[in-house]
Structure formats: C-alpha cells, structure tokens
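This report refers to the structure that appears directly beneath it.
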Amino acid sequence: MTKRKEGEEKDMGKVAIYPGSFDPITYGHIDIVERALEIFDKVIIAIAENEEKRPLFSVDERLQMVKAFFKDTPKVLVDSFKGLLVDYVAKTNAVVILRGLRATSDFEYEFHMASMNRSLNTHLDTLFMMTSKDYFFVSSRTIKEVARLGGAVEGLVPDLVVRRLKEKFKLPVTKKKQIRWDD
Ligand code: PNS
C-alpha cells in the first residue's frame, strides 16, 4: 500500500494505477481496465512520456485516444507522467500498480519492473491480471507492425485508433488486388 499524502481531501476509494506506453491503446489494455474496475473504485491510466522508446504517437495523441475511449467512464482517469513511476504514484492515492500479463514471455520483464519498483518504494505492490484469451496475442508493437503493412486491426483496437493508425501510415484506401501467378 502507498502512504497517503498529507492533506489529501477526498477518499476516492481503492485506486489502482495502470501505467504503460499505450502506443497505442488496444482492446487488450481495455479488457484489463474493465476487469480491474470490478475490483477497484477507480483506475488511473498513466501514460509514460518515454521518448527514448521512440513512440509512434505523441503523448498528446495517446492521451486523446485513451480519453476518447473512456469519456463516459468516470471511474477511469487518464493522465501522463514523466520520470519514475513510483514518484508519480506517490502523487496519487493509488494503492497498487496494475499490469497485464499475456504469456510467460512477459513474465521476466514484468518481474524485473515490479521488483525494481518495490525496491524503490517498499509499500508499493504490483498486481498482475492475465489477459483474456481473446487478446493474448495483441500487443501495441504487433498492432503497429500489422497496420503499417496494411493489415486489418479492426476489433483489436478501438475504431478511433484504427483511423489514427491509417492516418499515421498514410494508407491508401485501395481495393485489394488479387495476385495472379500466371501473369
Ligand atoms: O507499456 P510498457 O512500455 O511495457 O510500459 C512500461 C512502463 C511505462 C510501465 C515502464 O517503462 C515505466 O514504468 N516507466 C517509467 C520509468 C520508471 O519508473 N522506470 C523504472 C521501473 S523499471
């Protein structure tokens, strides 16, 4: 549990912080948030301003896409942060860090991150939720790759994200051309 900051006015109930790059947000992320809302009173989606990761979308673009999706969900707050996650968490009243796990391949990275965060703030725990079977193969990285190459990502990311990806990659709206091997 994180220590409450002095002078914190209102009790917002149990708050979880869901940090990530969200470059862009996918239905895998959204599934985690929706399931977390069954456990927590509020979820703060905290978008990392990690320029060294050379994101496709600027932090403002990412904020806009996430805010648009959750505009009718008052239990979700969307914010961005710079620097250490533990420092950002300390400024909120979140009691736990929330992360999704898709497969064992995620485990090592997540284990190191959770352990580092706990070493930086011994009061802060990370809670992992397994991604639903429908989205275990979905990652922002593969979404970008598929979209860049003109593949369909509908149903894996919100419609607004599909449109933003098409704009980013300047994809022409062309009819599919059949390859004929006898040409
Ligand atoms: O979606 P991602 O890219 O896997 O999210 C990673 C993120 C943003 C949660 C992580 O890189 C992070 O917390 N960055 C902030 C800097 C920090 O606190 N680093 C120390 C933790 S190892």
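The values are calculated or read from the model by the stated rules, or taken from the named source; none is laboratory data. This is a predicted model, so every value here is computed, not measured. Every residue, glycine among them, receives a Cβ derived from its backbone with ideal geometry; neighbour counts consider all protein chains shown. Note: accessible area is taken over every heavy atom of the protein model, side chains too, but ligands, DNA and RNA are not part of it. Shrake-Rupley method; radii C 1.70, N 1.55, O 1.52, S 1.80 Å.
Inside the range 43-55, can you point out the residues that are surrounded by fewer than 20 Cβ atoms within 10 Å (Cβ to Cβ) and in contact (Cβ under 8 Å) with a residue 12 or more places away in the chain?
Selection gives Glu49, Asn50, Lys53.
Of the numbered conditions (1) open to solvent by 20 Å² or more (accessible area, probe 1.4 Å); (2) touching a strand residue (DSSP E or B) at 6+ places or on another chain (Cβ under 7 Å); (3) farther than 26 Å from Met12 by Cα, Glu110 satisfies every one except a single condition; which is it?
Of everything listed in (1) open to solvent by 20 Å² or more (accessible area, probe 1.4 Å); (2) touching a strand residue (DSSP E or B) at 6+ places or on another chain (Cβ under 7 Å); (3) farther than 26 Å from Met12 by Cα, Glu110 misses just condition (1).
Of the residues Leu37, Leu63, Leu149, only one is away from the ligand (no atom under 11 Å from the Cβ) and touching a residue at least 24 places away in the same chain (Cβ under 8 Å); which?
Leu37
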